[in-house]
Amino acid sequence: MAENIESIVRVFPLYEEKIDFLFQADENFRDLCKDYLLCAGNVLEMKKKADSYSAEIEEYEELQRNLEQEILHIIIKEDPAY
């Protein structure tokens, strides 16, 4: 579990404490982070195996960006200081 938190913190380093809190307290946030990490891993694997840039890679990258935005939205929404 700690490696999941660290991976998300690398994406959003300014929100380390909030990420840690949400990861411990919110199962939906935890699932969203796991989905993001799975998607990001798939993008990396597809890029390694692909001879050229494909529509499938593009779709996964778009999904990855959407998941990032959703994670950030939850972090900011849950922290009135931001």
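The values are calculated or read from the model by the stated rules, or taken from the named source; none is laboratory data. Keep in mind that what you see is a predicted model, and the values were worked out from it rather than measured. All Cβ positions, even for glycine, are placed from backbone atoms using ideal geometry, and neighbour counts span all protein chains on display.
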Original post:
Cβ-Cβ below 7 Å, separation at least six or inter-chain, first residue in region 37-51 and modelled with pLDDT under 95, second surrounded by fewer than 13 Cβ atoms within 10 Å (Cβ to Cβ) and part of a helix (DSSP H, G or I): which pairs?
Top reply: 46/56
**OP:** Filter the helices (runs of 4 or more DSSP H) completely within the chain down to those with at least 1 residues that are in contact with a Cys (Cβ under 7 Å, 6 or more places away or on another chain).
**Re:** 2-11, 16-25, 55-77
Subject >> Extreme residue, farthest from residue 72 (Cα to Cα), among residues of region 6-20 that are free of Cβ contacts under 8 Å to residues at least 24 places away in the same chain and surrounded by 14 or more Cβ atoms within 10 Å (Cβ to Cβ) >> reply: 20
**OP:** Of the conditions (1) among the aliphatic types (A, V, I, L, M); (2) surrounded by fewer than 14 Cβ atoms within 10 Å (Cβ to Cβ); (3) at pLDDT 95 or above, residue 72 clears all except one; give me its number.
**Re:** (2)
